[in-house]
Every structure is written in structure tokens, then in C-alpha cells.
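Reading through the C-alpha cells given below for one structure.
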Amino acid sequence: MFEPIGNETLRTMKILVNVMPKPSVLDPQGAAAAEALKHLGLAGVGRVRIGKIVEIELPDNTEESEIHRAARELLSNPVIEDYSITK
Amino acid sequence: MKFAVIRFPGSNCDQDCVLALNAIPGASADFVWHKDTSLAGFDAVVVPGGFSYGDYLRCGAIARFSPIMQAVKSFAASGGTVLGICNGFQILCESGLLPGALVRNKGLHFVCKHQHLRVESTNSRFTRAATKGQVLNIPIAHGEGCYFADDATLAALNANDQILVRYCDTQGQTTEASNPNGSRENIAGICNPKCLRPNAPPRTRLRPRPR
């Protein structure tokens, strides 16, 4: 995607920050969804965990370390969640 | 003693706090808007409950970036007393002023009822008027009050006497059945090391105890 800024063009990218509760943290939402999936008739339902995905548009040249900083310091809470980044 | 009650968009227990604090002889309370940047003139800060910023992202995650929170952090760092209740507790955890985090109640339900708490430590400025082992009966109301901290953090909290109250039954037993939200070790309230009595500044210790 190109967005004109003045006389220059800036290439942007979309990145996905995937945030999941740590395995050691209770995930009652996941447990409730697991029960509901069984009621739906889905066979062999194991553990279900519910996290979130944050999609961010950023300039193409954004430093990897800056994306990690955002994921670590705001988008996830390292006490209870793990994150991964997909470009 | 003058209390600041921080008001975020979505705070809903701020008026209760001001009402309660103004009822204490010798105490007065005023609202401080989250866009304010100064706590000058205040002796203590209360971060009240509610749903700051609609609980977007995580409870308390956005409130941490409010201008007033920089002042609250400096206030706490210089030994000032900061009390976080409910969403305020979440905000203090998200801000790094308290260890751990609060997640969705184990039973998924919003819990609103009277609950027994056992006083674990009287070594803090928050619990010094209580006796160790005393059972209190207080109202609770929260949907995300399940306290989580890793094993190392829990061990440090225990070792440093930072756990102030735990959920218990009428007899003061901290059973699983008396834990309303799945909090680790039935923890209902903690403090940071600066609030332990030996570190309390004389200014705070000389104040009359609120009754």
C-alpha cells in the first residue's frame, strides 16, 4: 500500500500481534467455550484457550524492536500473557 | 488529611470513595481528573473502581497512560500512600506499582456480595488498625478480580509480608470454597514494600488512624 506524504511515498505493512494467556493462567473463557463446543457435538475437544489478535498498520521500515516493545509494554501483559508477531 | 480520588473516563466508584473519605473525621477528599498532572497538596491517593476506558485491551491497561498516572507513580515512589480498589488495583498492577495481574473470575460470573477477609499482616499502613487473623466482612463487586502472580512473585510477597488480606470463610479459613474468584492463595489485597510499616515515612506514621 502506498500513501503519499508530501512528495514522498511511504510503504506500510500490516502486522499481527497474537496475544495468548500463559498456560499457567486460568482461562475460564476457554473452559466455557470448550464445554460449548462439546454441546455443539464436536468430538474430542481438548483444552481451549482464548486470546486476541491485534492488527496494526505501520511504516514498512518500523524497527522490529519497536514492534516488540509495543507488544510487550502495551498489547500484552507479560505477567499473564505471551505474544507472537506475524508479518 | 487530604485524599485525591482519581477520576478516569469509566470510573464509577469515585463518588462512593469521596463520600466515604469525607465521612472520616479529619479527612477530606477531592476528585482529580485523569488529565491533570499534579497531586500537589494531597496527602494520599485513591484509585477507585469502575471500568476505566471501558476495560479496553485489558482492565487498567489504557488508564496507565493517563497523564495523572505519572504523578501517581512519582507520588508512590517518594513514599506517598496510594490505595487501589477494584479497577484501581488493576491499574496499579498494570502500572507496575504492584506485582501480578488480575484476570477474569474463575467462575466467569461478576461477583457482587459480602465476603469475609482475613487480615494477614498488620505491618502496613493500610492494616495497622486491624489485628492479625481478624475476620472482616466487606462488600465485593468485580468481574476480573482473580489475582495472578507467578510462584517466585508469590514467594516474595509471602516472605516480605506484603499480603494484607485473603478471602476466607466465616471462621477465617482460607478454603477454596471461600475464594470468590480463583485468586492464587486466596489473595484479596497486597501492598508494595514501600507501604510496609518500617519504611513508612514519619509524616504518615504521625497521622491519627482513620476510624
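Observations on the structure shown:
- Filter result for B:GLU120 (open to solvent by less than 80 Å² (accessible area, probe 1.4 Å), at pLDDT below 95 and not aliphatic (A, V, I, L, M)): no
- Being open to solvent by less than 10 Å² (accessible area, probe 1.4 Å), among the small types (Gly, Ala, Ser) and more than 29 Å from A:ILE53 (Cα to Cα) is true of B:ALA44.
- Scope segment A:55-87; condition outside any loop (DSSP other than H, G, I, E, B) and in contact with a Phe, Trp or Tyr (Cβ under 9 Å, 6 or more places away or on another chain); matching residues: A:HIS68, A:ALA71, A:ARG72, A:LEU74, A:LEU75
- Among the residues of segment A:41-54, some residue qualifies, meaning at least one is open to solvent by less than 60 Å² (accessible area, probe 1.4 Å), touching a residue at least 24 places away in the same chain (Cβ under 8 Å) and among the aliphatic types (A, V, I, L, M).
- Residues of segment B:48-77 satisfying the condition of being charged (D, E, K, R), without any contact (Cβ under 8 Å) to a residue 60 or more places away in the chain, open to solvent by less than 50 Å² (accessible area, probe 1.4 Å) and assigned to a helix (DSSP H, G or I): B:ARG64
- Every residue from segment B:88-114 that is away from chain A (no Cβ under 14 Å) and under 15 Å from the mean Cα position of the chain (by Cα): B:GLY88
The values are calculated or read from the model by the stated rules, or taken from the named source; none is laboratory data. In this text the structure is predicted, and so the values were computed from the model without any measurement. So basically every Cβ, Gly included, is an ideal-geometry build from the backbone, and we count neighbours across all protein chains shown. We work out accessible area using only protein heavy atoms, side chains counted, and drop any ligands, DNA or RNA first. Shrake-Rupley method; radii C 1.70, N 1.55, O 1.52, S 1.80 Å.
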